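The values are calculated or read from the model by the stated rules, or taken from the named source; none is laboratory data. Just so it is clear, the model here is predicted, and its values are computed rather than measured. For neighbour counting, all protein chains shown are included, and Cβ atoms are generated from backbone atoms with ideal geometry for every residue, glycine included.
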Protein chains: 2
Amino acid sequence: MTKKSPARTPRITIREVASDAGVSVAAVSKVLRDAYGVSEALRAKVQASMEKLNYRPLASARGLRGRTYTLGLVFPDLRNPFFADIFVGVNAALERTQYQAMQGVSVSASSLVEAMIDRQMDGLVLIGPNETNARLNDIADRIPLVAIGHHDIEEARFDTVNNDDQLGARLAVRHLCQNGHKKVAMLSLAAPVSTVINQRELGYRLEMTEQGLGTAINIVRAPQVLRDVQLTVRRLLESRDRPDAIFCWTDLMAFEAISVATELELSIPQDIAIVGYDNTVFCEFAQNRLTSIDQSGEVLGLQATRLLIERIDGRSHSEHFVVTPRVVARASSAKAG
Amino acid sequence: MTKKSPARTPRITIREVASDAGVSVAAVSKVLRDAYGVSEALRAKVQASMEKLNYRPLASARGLRGRTYTLGLVFPDLRNPFFADIFVGVNAALERTQYQAMQGVSVSASSLVEAMIDRQMDGLVLIGPNETNARLNDIADRIPLVAIGHHDIEEARFDTVNNDDQLGARLAVRHLCQNGHKKVAMLSLAAPVSTVINQRELGYRLEMTEQGLGTAINIVRAPQVLRDVQLTVRRLLESRDRPDAIFCWTDLMAFEAISVATELELSIPQDIAIVGYDNTVFCEFAQNRLTSIDQSGEVLGLQATRLLIERIDGRSHSEHFVVTPRVVARASSAKAG
DNA sequence: GCAAAAATGTAGAACGCTACACGTAGAACA
DNA sequence: TGTTCTACGTGTAGCGTTCTACATTTTTGC
């Protein structure tokens, strides 16, 4: 079935660079890799030839012996603009390095990770992985790994970068309480495994208790799907004893909450206050004016990438970086009245 | 500087599969590639061994001789959820094939394309490329290429998949006119090159003229940046002779328009009607209720991928697939009164 | 039955690069 | 002067696949 493609211009190889520069192939390779034992004169000669011939090393060939200079980013989905912030951070960290990031979106569980290992990524950044520690350790045994958004670091053979989700949740609740809201519900995510969810829910519970609102604790969970979120919110807002505030798992969920509230002709924040998480760009829009917890995705991405490169370069003990979240207050959580 | 990483379990290679199955390496390779000349018995034997050993072919090694079974998707940015729709389509097309998609976000112009060629992608899908035809042809000479959102197909040595942007713009204007809006402005994008922008602006002009509103033609352009869009919209809405409707380049821009209008205490659609493009999920939200032109990203992604695989398999003449857009009417463009 | 054709399997040379193991030359030291 | 270092280059064996060419067996045609 496989026919021949039209002939394409063949690539410049390391051999041609070597012969053009009048040096050995090994010498060119050394220059390429910044390896030890190269004189300035030789480096200059080789670099001139590379430039002249417009040489670009072929990643597959490099990968077969050494590294591919490619990092894999695994996103849980593409709809949340928060991930774009992380991506910005990753790219900032990659500036002035030879590395390139390739993204994938984990459609079917962990098959993407396998695909990336098959493709010889030098390392992986998993963003919000729904995986157990054991499973992550398995992966880490095969490829340098950093997880963003995974709190279980016991015996972890990989690095993690997190915002303090427990604190984030506490800040949200505290902020709402300070603004006079009492019956704070939490709209959480119904997902198989997630240490992030656990932390947020824990923070919510602890802070509610601390605020003397232990009896008002109310966690409802919805799957990521649009319909389900709306149904869940609607049920919550129409319930006999409606909360006066909702702390949402994500800005995206919060926007849906705003939508449902608007449909029910409840006014925000008078009838119902809303707080999101991630401080996405859309929070700023006048139709949302959503108070949100900022976990600075850019920093998360930057640090994760930094750690990953360190790990590729040989570090074997685990490091765990934590960002302190902060409240960005907007109208959606203003004083009740 | 490069230290040794902790020893990782070595991979299963084709050789081990061959020896386990008691056949030659070449035979295993044939099975892997569905090549001609393999008996059922042999195939079964080999597949059993592959399963048993959990063998996965290494893409780098394959790439050195044949293909990597990897397709590269190049997105212009990560913030627009419309791209998630395209991605869904791509994945649908990849189901039951050996191919895997890897995404990249084009930060610095075309350097990502080079990086993907270096990494031996079998083909590329460029989404909304800001490139000239000549430049795209250059790329197409080096790698199978499909562009989504590029209308200049003259002498194109690549395939394209588009929605009919000219029609889309006409539909938007027509819809607004039918609902009694007359002074329809267009909020367009200030970008270096884009045949998509040209088509939309052309459609807008033509339809305005056809509706007898030639004198009301008013195109303002803003760069993608948040601040600039808001400034532009604000200027437009505060101008002496304010339009009564805005047709926006993108839902994202439309949401910003809604934001500015809300801030100015203009009501939608009474004071100002708004129409977007892409029919993103957020359009449905009650705080937006945004009328939008649907160009079915899923179909775009699916078709692009289909064409790309055909092209990889040897097709050399160009094909151009066009999707017909449709209006999805919501409150933001309802009758003026 | 026998030649020709088709089907099935194998050997082994690439693919472009890295990294190990060396070779050489000059400097430093005694 | 010889010996030991150090710095700098080179030759070349793979890395894990694919694919061409060929060898062998089976089927077909008459």
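Tabulated data
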quantity	calculated
Elements of type helices (runs of 4 or more DSSP H) in the stretch A:169-279, at least 3 residues being touching a Lys or Arg at 6+ places or on another chain (Cβ under 7 Å)	A:195-210
Pairs where the first residue, in the stretch B:129-149, is under 16 Å from B:L112 (Cβ atoms) and within 12 Å of chain A (Cβ to nearest Cβ) and the second is modelled with pLDDT of 95 or more and assigned to a strand (DSSP E or B), C-beta under 6 Å, 6+ apart	B:I139/B:L145; B:I143/B:L124; B:L145/B:L124
Number of positions in the stretch A:280-328 that are among the hydroxyl-bearing types (S, T, Y) and either over 30 Å from B:E265 (Cβ atoms) or part of a helix (DSSP H, G or I) (or both)	5
Number of positions in the stretch B:144-169 that are surrounded by 23 or more Cβ atoms within 10 Å (Cβ to Cβ) and within 17 Å of B:G276 (Cβ to Cβ)	5
Residue in the stretch A:64-72 that is near DNA strand D (Cβ under 9 Å from one of its atoms), charged (D, E, K, R) and within 13 Å of chain B (Cβ to nearest Cβ) present	yes
Lone qualifier among B:E51, B:E40, B:E95, B:E16 - being among the acidic types (D, E) and more than 16 Å from DNA strand D (Cβ to nearest atom)	B:E95
One residue from B:R15, B:R56 being of a type outside the set (S, T, Y) and either in a loop (DSSP other than H, G, I, E, B) or farther than 30 Å from A:A140 by Cβ (or both)	B:R56
Residue match in the stretch A:27-41 (condition: within 30 Å of B:D313 (Cβ to Cβ), touching a Gly at 6+ places or on another chain (Cβ under 9 Å) and within 12 Å of chain B (Cβ to nearest Cβ))	no
Qualifying residue in the stretch B:68-78 (condition: more than 16 Å from DNA strand C (Cβ to nearest atom) and without any contact (Cβ under 8 Å) to a residue 40 or more places away in the chain)	yes
Pair list, Cβ under 8 Å, 6 or more apart: the stretch B:30-51 residue at positive phi, other residue within 11 Å of DNA strand D (Cβ to nearest atom)	B:G37/B:K30
Candidate set: the stretch A:199-238, residues that are under 14 Å from A:L187 (Cβ atoms) and among the charged types (D, E, K, R); chosen: the one surrounded by the fewest Cβ atoms within 10 Å (Cβ to Cβ)	A:R235
Enumeration of residues in the stretch B:19-37 that are near DNA strand D (Cβ under 10 Å from one of its atoms) and polar (S, T, N, Q)	B:S24, B:S29
Near pairs, Cβ below 7 angstrom, 6+ apart or cross-chain, from the stretch A:171-185 (farther than 13 Å from A:D244 by Cβ) to any residue that is acidic (D, E)	A:R174/A:E207
Extreme residue, nearest to DNA strand C (Cβ to nearest atom), among residues of the stretch A:52-61 that are more than 8 Å from chain B (Cβ to nearest Cβ) and either touching a residue at least 40 places away in the same chain (Cβ under 8 Å) or buried (at least 16 other Cβ atoms within 10 Å of the Cβ) (or both)	A:Y55
Residue match in the stretch B:176-191 (condition: surrounded by fewer than 17 Cβ atoms within 10 Å (Cβ to Cβ), touching a strand residue (DSSP E or B) at 6+ places or on another chain (Cβ under 9 Å) and aliphatic (A, V, I, L, M))	yes
Some residue of the stretch B:82-90 being outside the structural domain of B:D118 (by TED's automatic domain parsing) and either within 12 Å of DNA strand C (Cβ to nearest atom) or in a helix (DSSP H, G or I) (or both)	no
Condition check for B:P129: modelled with pLDDT under 95, within 24 Å of B:G297 (Cα to Cα) and assigned by TED's automatic domain parsing to the domain that holds B:H317	yes
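Residues are listed down the side, and each one gets a yes or a no for (1) over 19 Å from the mean Cα position of the chain (by Cα); (2) away from chain A (no Cβ under 13 Å); (3) small (G, A, S):
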{"position": "B:R240", "(1), (2), (3)": "yes, yes, no"}
{"position": "B:V260", "(1), (2), (3)": "yes, no, no"}
{"position": "B:F285", "(1), (2), (3)": "yes, no, no"}
{"position": "B:G297", "(1), (2), (3)": "no, no, yes"}
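One line per residue, one yes/no per condition, for (1) on the phi > 0 side of the Ramachandran plot; (2) of a type in the set (D, E); (3) at the interface with chain B (Cβ under 10 Å from one of its Cβ atoms):
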{"site": "A:G89", "(1), (2), (3)": "no, no, no"}
{"site": "A:R96", "(1), (2), (3)": "yes, no, no"}
{"site": "A:S108", "(1), (2), (3)": "no, no, yes"}
{"site": "A:S111", "(1), (2), (3)": "no, no, yes"}
{"site": "A:I117", "(1), (2), (3)": "no, no, yes"}
